[in-house]
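The values are calculated or read from the model by the stated rules, or taken from the named source; none is laboratory data. Just so you know, these numbers come straight off a predicted model, no measurement behind them. Positions of Cβ are backbone-derived with ideal geometry, glycine not excepted, and every protein chain shown enters the neighbour counts. The accessibility values were calculated without ligands, DNA or RNA, using every heavy atom of the protein model including side chains. Shrake-Rupley method; radii C 1.70, N 1.55, O 1.52, S 1.80 Å.
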Amino acid sequence: MSKSSAKEWDRAAPSTSWTRLACIIPPDLLAAVAREADADQREALLETMQLDQSFRVSRAEAAASIIAPTRTGVARVGAGTPDRAIYDQQHSNATTPGTLMRSEGQGPVSDVSVNQAYDNFGYTYKLYWDQFHRDSIDDQGMQIQGLVHFGTNYDNAFWDGAGHMFFGDGDGQMLTDTTKGIDVVGHELTHGVTQHEANLRYSGQSGALNESVSDVFGSLVKQYQLGQDAATADWLIGADIVGPQLAPALRSMKAPGTANQYDNQPSTMDGYVHTTSDNGGVHTNSGIPNHAFYLIATAIGGNAWEAAGQIWYDTLADPRLHPTATFSRFAGLTLRSARTRFGSSSSEAAAVKSGWEAVKVKVR
Ligand SMILES: [Zn+2]
């Protein structure tokens with residue numbers, strides 16, 4: 001590939017825009033793959049980057065308002081059951097729902113992507129309801145809409161901040177059908193939960209925390225559905241949606257920086273990346289809190305969604321967690337959550353403290 005077209009990829013990959021639009025694939029990874037892509041793949045990657053960019057511009061303003069929790073304290077009729085609707089975008093770039101293919105309570109249809117999106121929405125709802133008694137993204141039973149077959153060979157999936165999750169089919173080399181990723185769906189829907197709770201600003205350390213919280217609960221949705229305890233889980237993100245170029249996964253919470261040939265995530269503060277790309281490296285530095293969670297969950301033992309997941313959920317819902325929280329502040333609040341729920345001298349609290357110390361984050 002020529003130098004001039006490499007620059008074209010860089011221009012198509014915006015680096016500094018602040019937005020709530022939350023993709024599973026960051027712009028700098030798309031650009032890195034595009035630099036080495038063959039002619040067939042280039043078109044799909046360029047279209048993906050251009051679409052992502054147009055979404056950032058058109059959606060950022062609409063989604064930028066802070067959504068405060070609006071709990072009424074009264075359970076919804078039907079709480080405990082999700083409200084799902086899956087639409088077929090038929091490879092268009094339309095940003096409004098296309099043809100309704102399956103709504104809540106209806107049986108499987110012939111389109112595998114529709115069914116996978118429906119099921120993975122259900123598994124995500126189930127973890128939040130069973131473990132934390134949370135009724136959907138807003139805790140008010142909000143409908144979750146899935147828009148599948150978005151774009152042509154679109155290499156991404158994202159939550160738009162307004163109730164819709166968009167799924168690309170992938171180009172087959174970098175990504176495959178993104179509806180298949182249970183942890184990817186859990187990750188994206190958790191961006192909605194975060195938006196309604198701590199509203200962590202999508203930039204720098206608070207942005208990396210926003211990303212990490214999505215990886216944590218995305219992985220927990222998968223572990224809960226598979227019935228895997230902390231010792232058995234693979235702690236990978238996106239293993240079910242990557243093509244050969246990104247195999248075996250997008251990210252690893254167990255061993256950040258080892259998930260694929262492009263993975264540059266640090267696992268401790270020694271490797272913290274200072275960059276203007278990807279909103280200050282939000283998909284890179286998330287490796288640090290991701291690894292802390294892995295260390296804490298495996299030190300506590302048993303099912304990660306029980307003690308460690310509860311501590312993280314309590315922290316996310318803690319009014320003391322502000323939108324611009326640093327890693328240290330978040331770590332301090334997880335320790336408070338652990339002490340409140342399990343006791344000051346509990347093994348859970350000790351594991352939280354040691355986990356953050358191991359990744360060299362000061363617990364404040
Ligand atoms: Zn994300």
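At a glance:
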| quantity | calculated |
| --- | --- |
| Accessible area of residue 294 in the full protein assembly, 1.4 Å probe (Å², nearest 10) | 40 Å² |
| Highest-fluctuation residue, 287, 343, 332 considered, GNM on the chain with Cα pairs under 10 Å | 343 |
| Where 187, 91, 164, 133 fall by accessible area, highest first, once all protein chains stay in place (1.4 Å) | 133, 91, 164, 187 |
| Virtual spin-label span in nm between residue 76 and residue 345, 7 Å along Cα→Cβ | 4.5 nm |
| Heavy atoms of residue 291 accessible to a 1.4 Å probe, total area in Å² rounded to 10 | 30 Å² |
| Accessible surface, the chain, averaged per residue in Å² (probe 1.4 Å) | 38 Å² |
| Residue-averaged [θ]222 nm for the chain, counting only DSSP H segments that reach four residues, each worth -39500 (n - 2.57) | -14500 deg cm²/dmol |
| Area accessible to solvent at residue 126, 1.4 Å probe radius, in Å² | 100 Å² |
| Estimated inter-spin distance, residue 35 and residue 322, nm [label 7 Å along Cα→Cβ] | 3.8 nm |
| At least 18 Å along the helix axis (C-alpha) and Kyte average at least -0.5, DSSP helices within the chain | 182-196, 204-226, 287-300, 327-342 |
| Protein accessible area in the chain, 1.4 Å probe - carbon and sulfur % | 50 percent |
| Percent antiparallel among DSSP beta bridges (both partners in the chain, rounded to 5) | 60 percent |
| Along principal axes, Cα extents of the chain, largest first, whole Å | 59, 49, 38 |
| Separation in nanometres of the label points that stand 7 Å from Cα toward Cβ, at residue 109 and residue 364 | 5.0 nm |
